[in-house]
Amino acid sequence: MTQKPEVVVVDKGINRTDYIQSRKGQYRAIVKVKAGFMTVVDDLGIQANWGKQQWNKPIDVFRGFKRGALQSIQFRAEGSDAWLTVFARTGNKVKVADDELLADMNVGDINQDWSSSNLYNHIQYQVVSAKTWADKAFVKNS
């Protein structure tokens with residue numbers, strides 16, 4: 001069994017969760033549509049058996065929406081009826097992020113669509129020795 005990477009977050013305003021814990025389950029996203037209202041997007045890939053469209057990890061959901069649309073990600077573990085928030089933002093401030101999402105997030109994920117949020121932080125990148133867009137943003141890079 002591989003060891004879970006240590007997640008390092010310098011912004012104390014980001015509340016970390018550890019709900020996912022590599023468990024299987026379903027994801028859904030709360031997004032803001034062009035018309036200005038919020039809507040829920042379920043993982044239709046799992047329901048329709050579309051294969052590559054599935055959200056297997058929270059990073060798949062995070063990368064799946066245009067800039068500014070994603071507001072929140074929820075996770076429901078197999079065998080559970082409860083949806084837990086594993087990512088949430090208010091305006092440009094990310095308030096909640098699960099360690100599994102943070103561990104998979106690259107500098108490029110942030111720089112491309114989240115550069116006006118509190119995820120974008122040069123001190124954070126220095127702490128984890130990130131030098132390129134392909135480097136991890138919240139896990140130590142070698």
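In this entry, A48 passes the filter for residues that are surrounded by 10 or more Cβ atoms within 10 Å (Cβ to Cβ), of a type in the set (G, A, S) and modelled with pLDDT under 80. Within the stretch 71-94, being within 13 Å of the chain's Cα centre (by Cα) and either farther than 19 Å from V40 by Cα or aromatic (F, W, Y) (or both) holds for F75, F87. For the stretch 123-142, what are the residues that are charged (D, E, K, R) and within 20 Å of N15 (Cα to Cα)? Residues satisfying the conditions are K136, K140. Tell me, which residue of the stretch 64-101 that is surrounded by 14 or more Cβ atoms within 10 Å (Cβ to Cβ), among the aliphatic types (A, V, I, L, M) and free of Cβ contacts under 8 Å to residues at least 40 places away in the same chain is farthest from F138 (Cα to Cα)? Result: A69. For A35, the criteria (1) free of Cβ contacts under 8 Å to residues at least 40 places away in the same chain; (2) among the hydrophobic types (A, V, I, L, M, F, W, C); (3) in a loop (DSSP other than H, G, I, E, B); (4) closer than 26 Å to D81 by Cα hold in every case but one, which is (4).
The values are calculated or read from the model by the stated rules, or taken from the named source; none is laboratory data. The structure presented is a predicted model; accordingly, all values stated were derived computationally and were not measured. Backbone-built Cβ (ideal geometry, glycine too); neighbour counts: all protein chains shown.
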